[in-house]
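Student: Right, I'll just put the structure down here and ask away after.
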Amino acid sequence: MQDFNLPIKQTDVLVMGAGGAGMRAAIAAAEKGARVVIAAKDLFGHSGCTPVAKGGYGGMRGPGDDWKLHFEDTVRGGGGINNQKLVEVMAKQARERLLELEEWGAAFDRDKDGSIYLRKFGGHSAPRSCISGDVTGREMIWALKRKCWGNKLIEVADETYISQLLVNDGKITGAVGVQLQTGEIVAYECPVVILANGGSGRLWPITFATKGKCGDGLRLAYEAGAELVDMEFFQIHPTGWKWTPAVIGRVISEGVRADGGQLLNKNMERFMWKYDPDRLELACRDYVSRCIYKEVKEGRGTEHGGVWLSITHLSPEHIERKLAAFMATGMVAGLDVRKQAIEIFPEHHYQNGGVKIDEYARTTVRGLYAAGEAAGGVHGGNRLGTNSLADLLVFGKISGEDGAEYAKNVERSKIIKDQLEDEVKAIRSPLGTDSGVSPYALSKKLHDVMWEEMHIERSEKGLNRCLEITAEVVEQFKNISIPGTSLYLNDAWTTAMEVRSRMIVGEIMTRASLYRTESRAALFRSDYPHVNRKEWDKNVIVKKENGQMKIETTPVIVTIWPTEKIDLPKFPVPGEEHEPGARVFCEIEEGEY
Ligand SMILES: Cc1cc2nc3c(=O)[nH]c(=O)nc-3n(C[C@H](O)[C@H](O)[C@H](O)COP(=O)(O)OP(=O)(O)OC[C@H]3O[C@@H](n4cnc5c(N)ncnc54)[C@H](O)[C@@H]3O)c2cc1C
């Protein structure tokens, strides 16, 4: 058994997560001369959601498009509560980051004239999504991975589970984790940690978010005293496979709807005509999800409780060439999407809120940065499709550069030994007992209640039930037990650590959902079914203060588009007639910003 005098590794920057945001941050920090360790729970290059992203990278411009239109679409799509400083940075820099990636070896589809092929995505008023077939994220990761390997200042620590941050006087001093391939506990002493751990999809049982994404970084940031923003908003993707059982939960890229996929109810009615005749299936994701939910709730769903998605009107050649991954999943399901419609239903997809950052990707704790899905503010209450890949490259780079600069100049503090000992105890405490509660039982309990009460439709009653069950799990966690004493590839231990994060992050999200008494963007409260602009054009902030969870509101950070002037769509409410509202677009004059 390892004692508390474990070796402490020195580095300048520790990046937690090796998806797109983490790799881009590591490259940027190393290019500034910092020594970087990039740690990931799973295998480098196969880690997180970035490699499975399919639909596209938003940010290239066709004729008539510019960053201001991208800005407007993103803010409107986010329910008007995005941090506009962050949106502006993303919209301005996304194009450059993509072209740079091409120089590093990523290939994006071209039109016949050699220009980058652009596709329109939900909520975007112009085609600006670039693709690499339907394996865009994988192409990006390969280019980033090669670039990381080529830099001697970057050390890869894959299969390393970071379980706690170490903080002294509001300043990062390092982090602790476990190397899963050896079972050793590792401590890093470093002035900078960049959280690039992605979101919290695995709080829900049905999601296509990759296994390790259970909000670890959100818990770590919260416990370190950082502020979290917009935690009541998570994205429900409209099109998850509902049938057959072999494929339930796999997500269907929005590219399928962008290429003409139609949604039909059991009466074969293309119902989006009722809700958004202009944008139809390419309305924002939150909106389409709620339309599907309303159709099913009002009895117009299919046999297995979904609606139909059909691309049978597209040519087989187009499907085989552009939607090959979708077709392949169909084959696994025993269905031929070229010839038959499939049943779909919305499922958990993306963490819209996250650790609050500024335009340098700094959090409210010194030396702690966040980028990619872990960070909040860019997407407000709902992210537009393709904006995540753009966001993670832009803020990955910014966080790495600023972090390296900070590490160079800051007076470094030592790790406090007591803090390290506490975490080593927390890591080891569940091991070697077999009389307590199984981590798998607690995991299931959390999954069940999150699916039942913290999903498309929420209410005060359901949210309170969610809090009660989460509190029970917190209590039972004290008695969690795992047979065996080794940390070596110990799945039960990993599950226990993930429950540790999920119960805290679940509580934060539930409390934030209770706090916002309206429905907006990705949040639908059946007890407050309408948007309340007067009360709630605000951000909800959660932080830990004196050991307690504190919730408050702050004004939205506005740079260009005054919040009251942003037109938001009217959502379809089950049981109410829906009148499609006219959309007013913000007009930003040249020189006004
Ligand atoms: C099926 C699917 C398709 C998608 N398609 C698109 C698309 O077309 N366009 C788009 O813009 N977005 C898309 N998204 C969303 C997008 O892929 C993600 O939001 C984005 O890739 C997140 O990137 P990231 O770098 O922030 O995190 P990720 O790529 O998810 O990486 C997270 C990293 O953190 C690590 N990690 C987590 N916890 C720990 C810990 N405790 N210790 C150490 N490491 C840890 C993981 O191992 C992983 O390396 C899609 C998502 C899915 C699931």
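The values are calculated or read from the model by the stated rules, or taken from the named source; none is laboratory data. Remember, predicted model here, so these are calculated numbers, not experimental data. Reconstructed Cβ throughout: ideal geometry from the backbone, glycine too, with neighbour counts over all protein chains shown. These accessible areas exclude ligands, DNA and RNA; they are computed on the full protein's heavy atoms, side chains included. Shrake-Rupley method; radii C 1.70, N 1.55, O 1.52, S 1.80 Å.
Student: Which of the residues spanning the stretch 511-549 are more than 22 Å from the chain's Cα centre (by Cα) and part of a loop (DSSP other than H, G, I, E, B)?
Tutor: Correct list: Thr517, Glu518, Ser526, Asp527, Pro529, His530, Val531, Asn532, Asp537, Asn546, Gly547.
Student: Would you check which residues across the stretch 179-192 are of a type in the set (Val, Ile, Thr) and buried (at least 24 other Cβ atoms within 10 Å of the Cβ) and list them?
Tutor: Val192
Student: Please find, among Gly22, Gly48, Gly62, the residue that is surrounded by 22 or more Cβ atoms within 10 Å (Cβ to Cβ) and in a loop (DSSP other than H, G, I, E, B).
Tutor: Working: Gly22 fails: in a loop (DSSP other than H, G, I, E, B); Gly62 fails: surrounded by 22 or more Cβ atoms within 10 Å (Cβ to Cβ).
Selected residue: Gly48, the only one of Gly22, Gly48, Gly62 that is surrounded by 22 or more Cβ atoms within 10 Å (Cβ to Cβ) and in a loop (DSSP other than H, G, I, E, B).
Here is a yes/no grid of residues against (1) within 13 Å of the ligand (Cβ to nearest atom); (2) of a type in the set (Lys, Arg); (3) without any contact (Cβ under 8 Å) to a residue 12 or more places away in the chain:
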{"position": "Pro205", "(1), (2), (3)": "no, no, no"}
{"position": "Ala221", "(1), (2), (3)": "yes, no, no"}
{"position": "Val229", "(1), (2), (3)": "no, no, no"}
{"position": "Ile236", "(1), (2), (3)": "yes, no, no"}
{"position": "Trp241", "(1), (2), (3)": "yes, no, no"}
{"position": "Pro245", "(1), (2), (3)": "no, no, yes"}
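Student: If only one of Glu317, Glu295 is assigned by TED's automatic domain parsing to the domain that holds Gly261 and over 15 Å from Phe571 (Cα atoms), which one is it?
Tutor: Glu317
Student: Separate question: Which ones in the stretch 229-250 are under 13 Å from Ile342 (Cβ atoms), surrounded by 20 or more Cβ atoms within 10 Å (Cβ to Cβ) and out of contact with any helix residue (DSSP H, G or I) (no Cβ under 8 Å at 6 or more places or on another chain)?
Tutor: Selection gives Gly240, Lys242.
Matching residues to (1) in contact with a strand residue (DSSP E or B) (Cβ under 9 Å, 6 or more places away or on another chain); (2) on the phi > 0 side of the Ramachandran plot; (3) among the hydroxyl-bearing types (Ser, Thr, Tyr):
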residue	(1), (2), (3)
Ile344	yes, no, no
Tyr350	yes, no, yes
Thr364	yes, no, yes
Ala390	yes, no, no
Ala404	yes, no, no
Lys408	no, no, no
Asp418	no, no, no
Ser429	yes, no, yes
Gly432	yes, yes, no
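Student: Shifting gears a bit: Can you name every residue in the stretch 189-200 that is within 7 Å of the ligand (Cβ to nearest atom) and in contact with a Lys or Arg (Cβ under 6 Å, 6 or more places away or on another chain)?
Tutor: Within the stretch 189-200, Gly198, Gly199 meet the criteria.
Student: Next question. In the stretch 165-181, which residue that is out of contact with any Asp or Glu (no Cβ under 6 Å at 6 or more places or on another chain) and within 15 Å of the ligand (Cβ to nearest atom) is farthest from Asp422 (Cα to Cα)? Break it down into steps so the answer makes sense when it comes.
Tutor: To start, the set of residues in the stretch 165-181 that are out of contact with any Asp or Glu (no Cβ under 6 Å at 6 or more places or on another chain) comprises 165-173, 175, 177-179.
Among the residues that remain, those that are also within 15 Å of the ligand (Cβ to nearest atom) are: 165-166, 175, 177-179.
On the way: Leu165: 12, Leu166: 11, Ala175: 12, Gly177: 13, Val178: 14, Gln179: 18 Å.
Filtering first and then ranking leaves Gln179.
Student: So is Gly215 touching a Cys at 6+ places or on another chain (Cβ under 8 Å) and within 11 Å of the ligand (Cβ to nearest atom) or not?
Tutor: no
Student: Follow-up. Could you check, for the stretch 293-309, whether at least one of its residues is open to solvent by 30 Å² or more (accessible area, probe 1.4 Å) and closer than 30 Å to His70 by Cβ?
Tutor: Among the residues of the stretch 293-309, at least one is open to solvent by 30 Å² or more (accessible area, probe 1.4 Å) and closer than 30 Å to His70 by Cβ, which makes the answer yes.
Student: Please tell me if Val337 is of a type in the set (A, V, I, L, M, F, W, C), open to solvent by less than 20 Å² (accessible area, probe 1.4 Å), more than 15 Å from the ligand (Cβ to nearest atom) and not assigned by TED's automatic domain parsing to the domain that holds Ile456.
Tutor: In short, yes.
Student: Given the conditions (1) in contact (Cβ under 8 Å) with a residue 40 or more places away in the chain; (2) part of a helix (DSSP H, G or I), report the number of the one that Glu317 does not fulfil.
Tutor: Result: Glu317 passes all but (1).
Student: Residue check: is Gly575 part of a loop (DSSP other than H, G, I, E, B) and under 30 Å from Ala40 (Cα atoms)?
Tutor: Working: part of a loop (DSSP other than H, G, I, E, B): yes; under 30 Å from Ala40 (Cα atoms): no.
Answer is no for this residue.
Student: Which is in a strand (DSSP E or B) and within 19 Å of the chain's Cα centre (by Cα), of Ile162, Ile185, Ile172?
Tutor: Every option except Ile162 fails the conditions.
Student: Six or more apart or on different chains, Cβ under 6 Å: which pairs go from a residue in the stretch 157-173 that's under 15 Å from Ala196 (Cα atoms) to one that's outside any strand (DSSP E or B) and of a type in the set (Ser, Thr, Tyr)? Could you list them?
Tutor: So the pair list comes out empty.
Student: I'd like the full set of residues that are of a type in the set (Phe, Trp, Tyr), more than 10 Å from the ligand (Cβ to nearest atom) and open to solvent by less than 10 Å² (accessible area, probe 1.4 Å), limited to the stretch 360-408.
Tutor: Once the filter is applied, which keeps residues that are of a type in the set (Phe, Trp, Tyr), more than 10 Å from the ligand (Cβ to nearest atom) and open to solvent by less than 10 Å² (accessible area, probe 1.4 Å), the stretch 360-408 yields only Tyr369.
Student: With respect to Thr494, is the statement that it is assigned to a loop (DSSP other than H, G, I, E, B), at pLDDT 95 or above and open to solvent by 10 Å² or more (accessible area, probe 1.4 Å) true?
Tutor: no
Student: Kindly indicate which of Leu203, Leu195 is at pLDDT 95 or above and open to solvent by less than 10 Å² (accessible area, probe 1.4 Å).
Tutor: The conditions single out Leu195.
Student: Shifting gears a bit: Which one of Asn82, Asn5 is of a type in the set (S, T, N, Q) and either open to solvent by 30 Å² or more (accessible area, probe 1.4 Å) or more than 16 Å from the ligand (Cβ to nearest atom) (or both)?
Tutor: The unique qualifying residue is Asn5.
Student: Let me ask something else about it. Please state which one of Gly79, Gly122, Gly62 is in contact with a strand residue (DSSP E or B) (Cβ under 7 Å, 6 or more places away or on another chain) and under 29 Å from Phe571 (Cα atoms).
Tutor: Every option except Gly79 fails the conditions.
Student: State all residues of the stretch 10-28 that are away from the ligand (no atom under 15 Å from the Cβ) and touching an Asp or Glu at 6+ places or on another chain (Cβ under 8 Å); if no residue qualifies, say none.
Tutor: Once the filter is applied, which keeps residues that are away from the ligand (no atom under 15 Å from the Cβ) and touching an Asp or Glu at 6+ places or on another chain (Cβ under 8 Å), the stretch 10-28 yields only Gln10.
For every residue, the table says whether it meets (1) assigned to a helix (DSSP H, G or I); (2) among the small types (Gly, Ala, Ser); (3) surrounded by 19 or more Cβ atoms within 10 Å (Cβ to Cβ).
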residue: Asp422; (1), (2), (3): yes, no, no
residue: Ala426; (1), (2), (3): yes, yes, no
residue: Ser435; (1), (2), (3): no, yes, no
residue: Ala441; (1), (2), (3): yes, yes, no
residue: Lys445; (1), (2), (3): yes, no, no
residue: Asp448; (1), (2), (3): yes, no, no
residue: Trp451; (1), (2), (3): yes, no, no
residue: Ile456; (1), (2), (3): no, no, yes
residue: Lys461; (1), (2), (3): yes, no, no
